[in-house]
Amino acid sequence: MMKIRGSHLVVRALEDEGVSKVFGIPGTHNIELWDALGASESVQPVLVTHECGAAFMADGLARSSGQIGVLAVVPGAGVTHALSGIAEAFMDNVPMVVLACGIRRDTGAAFQLHAIDQIGVLGPVTKEVWRVDDADQIYATVRRAFSVAREGPQGPVAVEIAANLFMLTQE
């Protein structure tokens, strides 16, 4: 069986969905995802100066191109800073996939950097939110997110993937 990082599974799902751009800011939690995006031949990572801008850029791409807008943010502040753009997409039925990195779930450590209830925060402004805790769920969950985002009425969905799943090489 082949070993692969979870970050590469996310990028493979994005490539298979025909995603052209992912907007956001790399951080300590999701740097492996941004490294994998940088290695993609078809998905362009677009760095922004604020997560709110990433959400509105993803919204604008979706409105102008017919593609699904995608943003990738760190946990906590990254998610809360993007809420205005996500909520706007929700109110206007704009398809969007939010890749919300989650805190590490493999250490048992309490009080981790940026640990908030992201499912609770994102729930009111998305059609659905999923938390991925196992590597074998990553690809299918990201693909499902695209399916739900484009189902009528269209709108934003979010996938929270634990940071450790981006980092660790797994079968």
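The values are calculated or read from the model by the stated rules, or taken from the named source; none is laboratory data. These figures come from a predicted structure and were not determined experimentally. Using ideal geometry, Cβ is built from the backbone for each residue, glycine included, and neighbour counts are taken over all protein chains shown. Side chains included, ligands, DNA and RNA excluded: accessible areas come from the protein's heavy atoms. Shrake-Rupley method; radii C 1.70, N 1.55, O 1.52, S 1.80 Å.
Here are a few things to note about the model shown:
- Here LYS3 meets the list (1) surrounded by 21 or more Cβ atoms within 10 Å (Cβ to Cβ); (2) at negative phi almost entirely, failing just condition (1).
- Pairs, first touching a residue at least 12 places away in the same chain (Cβ under 8 Å) in segment 11-24, second buried (at least 23 other Cβ atoms within 10 Å of the Cβ) and part of a strand (DSSP E or B), C-beta under 6 Å, six or more apart: VAL19/VAL70; VAL22/VAL70; VAL22/ALA72; PHE23/LEU71; GLY24/LEU71; GLY24/ALA72; GLY24/VAL73
- When ALA39 is tested against (1) at pLDDT below 95; (2) touching a helix residue (DSSP H, G or I) at 6+ places or on another chain (Cβ under 8 Å), just one condition goes unmet, and that condition is (1).
- Hits in segment 131-168 - residues which are among the small types (Gly, Ala, Ser) and either under 23 Å from GLY27 (Cβ atoms) or open to solvent by less than 10 Å² (accessible area, probe 1.4 Å) (or both): ALA135, ALA145, ALA149, GLY155, ALA158, ALA162, ALA163
- Subset of segment 6-26 [in a loop (DSSP other than H, G, I, E, B) and open to solvent by 20 Å² or more (accessible area, probe 1.4 Å)]: GLU17, GLY18, SER20, ILE25, PRO26
- Within segment 52-65, the residues that satisfy the criterion of being open to solvent by less than 40 Å² (accessible area, probe 1.4 Å) and either not in a helix (DSSP H, G or I) or not hydrophobic (A, V, I, L, M, F, W, C) (or both) are GLY53, ASP59, GLY60.
- Some residue of segment 36-50 being in a helix (DSSP H, G or I) and open to solvent by less than 10 Å² (accessible area, probe 1.4 Å): yes
- Flag if VAL74 is in contact with a strand residue (DSSP E or B) (Cβ under 7 Å, 6 or more places away or on another chain) and not aromatic (Phe, Trp, Tyr): yes
- Residue match in segment 66-77 (condition: part of a helix (DSSP H, G or I) and under 19 Å from ASP117 (Cα atoms)): yes
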